[in-house]
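Inspection log for the structure reproduced underneath, given as structure tokens.
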Amino acid sequence: MRNPLVCAIAFALAGLSFSAVAAPVADAAQLATTQLPRTVRPTHYDVAVVPHADKLAFEGKVSITIDVLQPTPSIVLNAMNMTFANVSLAAAKGKATFAAPKVAVDEEAQTATFTFDHAIPAGSYVLRMDYTGKIGTQANGLFAIDYDTKADGKKRALYTQFENSDARRFIPSWDEPNYKATFTLTATVPSNQMAVSNMPVASKKDIGNGLAKVTFQPSPKMSTYLLFFGLGEFDRATTKSDGVEIGVITQKGLTSQAQFTLDSGKAVLQEYNAYFGVPYPLPKLDNIASPGQSQFFAAMENWGAIYTFEYALLLDPTISTQSDKQEVFNTAAHEMAHQWFGDLVTMRWWDDLWLNEGFASWLASRTTERLHPEWHTNLEAVFTREGAMSRDAVATTHPVVQHVATVEQASQAFDSITYSKGESVIRMLEAYVGADKWRQGVQAYIKAHAYSNTVSDDLWKAIDAAAGKPVSTVAHDFTLQPGIPLVRVESVSCVNGSTTIKMSQGEFTRDRPDKKPLTWHVPVIAKTVGGATSSTLLENGAGSLTVAGCAPVLVNAGQTGYYRTLYAPAQMKALQGAFEKLDPIDQLGLAADVWALGMGGLQPASDVLDLVSATPLDATPLLWESIASDLSTLNDYYEGDAKRQGALRKYAIAHLAPKFAQVGWDAKPGEEAPVAILRSHLIGTLSHLGDEKVIAEARRRYTTDTMPPELRKSILAVVASHADAATWDKMHAAAKAEKTPLVKDRLYALLATPQDEALTKRALELALTDEPGATNSAAMISAAARQHPEMTFDFAVAHKDKVDQFVDSTSAARYYPMLAGGSLDLATIDKIKAFADKYIAATSRRDAETSIANIRYRAMVRKERLPAVDAWLQKNG
């Protein structure tokens, strides 16, 4: 594992001047975290690269226009895996030059220091150098992806991925978000290939020997991590939206699979131009589809040149599903939202990464709901919240706004707290403020900070001003401290047709029952079943609210709140009785709370099954999807105890089978999108539960090759999970023969999913070879870990030198702990600890500690919660 970056400067040097002539002007940016000295600031990079794809190396030349803010004898910038030559410094205007500096490279700190024979006076200069760098095979820096084609053999394409801290692998640079500059990029490339960057091509000139020199238009002022360069045998399809050329770039022959993304991009750009009140400022917006995959990300918001792996952008008619279609739209909407939240306005440092990711996630969800209401994705807000709360309920959680000190810590910040809790908190705050005032605040924030950097309080100030009330008080509680409020409904009383609810506020935690609770200002919306909503702000740990009607009370009506709700047993029983009368989103929210509170010991775990039994057959497909997931998880908790697991499986199959019979194997004319997704989900769940009818039918369709495209992945997953050696060999042969990367990648991952340990071991050994492809091996190992976490972790650690080659550096500190994270064996904890002690920096062990916390939690559930489930099954099964 790579050691964490050592800070070059670990403290703020406030009060430095910020102009070419060192005028004493205070700059708020000086307060930002930095790992570089604050004496120099870049304003423009003029970069020329010559990639040698066959040699996995490149040559570069760069001229960096800089402002020296105070006299300094040295210039320190970020660089990684580079060598340097012909370094020079000259005044931007005039004839002043300096003798060639001494060059010192610090690989651990990822810096290069250029020391001159005397101090450089404050002023503007141009720093020039030649350098060489490496082309990788994982998605960091400039990297190569090799892929098969049906008609033309193997091909190699080049792409870049710089977030969070890998521009330093491509350009010697001030590789921190607060050091914004403009970029001009020139590349010498094969003349028959397409070069792509953030801006349109300004000129292309053939220079002989099959080469061309391509120069792109200067970029806007932006952070280094947003720069992009791609090169390969590509096709490009285009459309226009609000005067902007929108493009989708694919490997040759696949632009038809990108038509949905292209059409979506046109609609989303119009939506965002209207929402932000600031038009998209670049002349073009490309989305570049790449074969392969990463264990760290699916897509990257490079300004004007979004990079997306094919599985998250293309719709292959032989294998893509409705779920894929929705994910493609959401991914594109997320990355396009970043063109404002992240690219135009950028967080000052990784502490405020959520300003990028939480907002892009929230806006993508909002836009998906608006433009595709037929998908009913508004209900998925509960799933998003639950994903965040699962992470937020254990001791290893962290605030949404968090302190980041190292590159590895920045990489670890890309998690469900940053994305899903960020999105959920924004959704709550928008409901609290009102959509119109929230939008006014967002527009003011974007206009005030365009082309610059911000912290969270810059946003809260704008929202406060628009709302006319201190929203920041609530926002600070939910972003500056970790954890989940627990709203207890202490009493409910109805008088003269109105119900008064008295509430107290604690904290929900899965692993610290005696923890002293934090306090929040909690926006609470409640109603009686069938009644109108009322709202209040729960302060100082207690509060009350009066709502119309005398029916059962529902707190967190509409599920916009980021908190759990605990009802007294009588109140819970009343809600169970009225369950089918609740709005679908409230059914989902109540079910989610009952699951979490039941597994956490705050109410009987068997309440989960009471609510499952109360669910009508015609409930929303997303509720049935949630039920199937809960039953599948209970099944996993019983792993290794065949008798008790058998009782749970008998109940689960009997309960899910009628819904699956209603949905059926084959799509019906005019069925809604959620039904198609539920069909696949039920096939997978019933297979996992050992339903012989489903397994047999999947095998029949596989053997007879009667798999409709929308079920192909689901059927293959069932067959792979229950494969014998002959079936595994057949699937392996199909993977080897497949020439479509998007399909090939899926087939290799499935080879690692058998329940049979011996077959999974064969897949793990296959993953260490060159056959699957450089970016598939890590995914195969991850897939194996879902069924066999202990075996997979042991295998990966035993072959760490080889496995390390398949894991991109941004995933390094989390990848191995993640493999073991699904274990139910407490003995695995010591293995994770030993691995972390040996290979992971002490400052970067959050993911390892979270895996350990989750293993302990699952062990607790098996011991303390399952007996109540057993008793319920014995009584009701």
Can you tell me how many residues within the stretch 290-323 are surrounded by fewer than 20 Cβ atoms within 10 Å (Cβ to Cβ) and of a type in the set (D, E, K, R)? 1
Any pair with Cβ under 7 angstrom, 6 or more apart, that starts in the stretch 192-214 at a residue that is touching a residue at least 60 places away in the same chain (Cβ under 8 Å) and ends at one that is of a type in the set (F, W, Y) and not in a strand (DSSP E or B): S197/F228; N198/F228; N198/W303
Farther than 25 Å from H372 by Cα and open to solvent by less than 30 Å² (accessible area, probe 1.4 Å) - does that describe any residue in the stretch 658-677? yes
Since A157 meets every condition but one in (1) within 27 Å of the chain's Cα centre (by Cα); (2) surrounded by 24 or more Cβ atoms within 10 Å (Cβ to Cβ), which condition does it not meet? (2)
Quick check on this structure: which one of S219, S320, S223, S256 is touching a residue at least 40 places away in the same chain (Cβ under 8 Å), small (G, A, S) and closer than 27 Å to E710 by Cα? S320
Listed by first then second residue, the pairs whose first member lies in the stretch 112-131 and is within 25 Å of G60 (Cα to Cα) and free of Cβ contacts under 8 Å to residues at least 40 places away in the same chain, whose partner is acidic (D, E) and assigned to a strand (DSSP E or B), with beta carbons under 9 Å and at least 6 positions apart or on separate chains, are T113/D106
Going through the stretch 503-516 one residue at a time, which ones are within 18 Å of P399 (Cβ to Cβ) and surrounded by fewer than 15 Cβ atoms within 10 Å (Cβ to Cβ)? R512, K515, K516
If you scan the stretch 453-471, which residues turn out to be touching a residue at least 40 places away in the same chain (Cβ under 8 Å) and either open to solvent by 40 Å² or more (accessible area, probe 1.4 Å) or among the charged types (D, E, K, R) (or both)? V455
Counting only residues that are free of Cβ contacts under 8 Å to residues at least 40 places away in the same chain, assigned to a strand (DSSP E or B) and open to solvent by 50 Å² or more (accessible area, probe 1.4 Å), how many does the stretch 57-100 have? 1
How many residues, within the stretch 626-653, are open to solvent by less than 40 Å² (accessible area, probe 1.4 Å) and under 29 Å from the mean Cα position of the chain (by Cα)? 9
In the stretch 26-43, how many residues are touching a Lys or Arg at 6+ places or on another chain (Cβ under 9 Å) and at pLDDT 60 or above? 4
Check V492, V555, V474, V487 and return the single one that is surrounded by 18 or more Cβ atoms within 10 Å (Cβ to Cβ), under 21 Å from V394 (Cα atoms) and touching a residue at least 12 places away in the same chain (Cβ under 8 Å). V487
Of all residues in the stretch 654-705, count the ones that are within 33 Å of the chain's Cα centre (by Cα), in a helix (DSSP H, G or I) and under 26 Å from Y638 (Cα atoms). 17
The lone condition H403 fails out of (1) surrounded by fewer than 22 Cβ atoms within 10 Å (Cβ to Cβ); (2) over 29 Å from W174 (Cβ atoms); (3) without any contact (Cβ under 8 Å) to a residue 60 or more places away in the chain; (4) touching a helix residue (DSSP H, G or I) at 6+ places or on another chain (Cβ under 9 Å) is (2)
Selection from the stretch 760-784 of residues that are in a helix (DSSP H, G or I), open to solvent by less than 10 Å² (accessible area, probe 1.4 Å) and without any contact (Cβ under 8 Å) to a residue 60 or more places away in the chain: T760, A763, L764, A767, S777, M780, I781, A783, A784
Among residues belonging to the stretch 851-877 that are of a type in the set (K, R) and closer than 18 Å to A820 by Cα, point out the one that is surrounded by the most Cβ atoms within 10 Å (Cβ to Cβ). R858
If a residue must be of a type in the set (S, T, N, Q), part of a strand (DSSP E or B) and farther than 17 Å from I171 by Cα, how many such residues does the stretch 192-204 contain? 1
Picking from A752, A717, the residue that is part of a loop (DSSP other than H, G, I, E, B), within 27 Å of the chain's Cα centre (by Cα) and under 30 Å from A774 (Cβ atoms) would be A752
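Every residue, every condition in (1) touching a helix residue (DSSP H, G or I) at 6+ places or on another chain (Cβ under 9 Å); (2) of a type in the set (S, T, Y); (3) closer than 17 Å to V487 by Cα, yes or no:
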site: L537; (1), (2), (3): yes, no, yes
site: T546; (1), (2), (3): no, yes, yes
site: Q559; (1), (2), (3): yes, no, yes
site: T565; (1), (2), (3): yes, yes, yes
site: L575; (1), (2), (3): yes, no, yes
site: E580; (1), (2), (3): yes, no, no
site: L588; (1), (2), (3): yes, no, no
Filter the strands (runs of 3 or more DSSP E) completely within the stretch 205-303 down to those with at least 2 residues that are closer than 21 Å to Y147 by Cβ and charged (D, E, K, R). 234-241
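The values are calculated or read from the model by the stated rules, or taken from the named source; none is laboratory data. No experiment lies behind these values; they were computed from the predicted model shown. Neighbour counts are summed over all protein chains in view; Cβ atoms, including those assigned to glycine, are modelled from backbone coordinates with ideal geometry. For accessibility, only protein heavy atoms count, side chains too; no ligands or nucleic acids. Shrake-Rupley method; radii C 1.70, N 1.55, O 1.52, S 1.80 Å.
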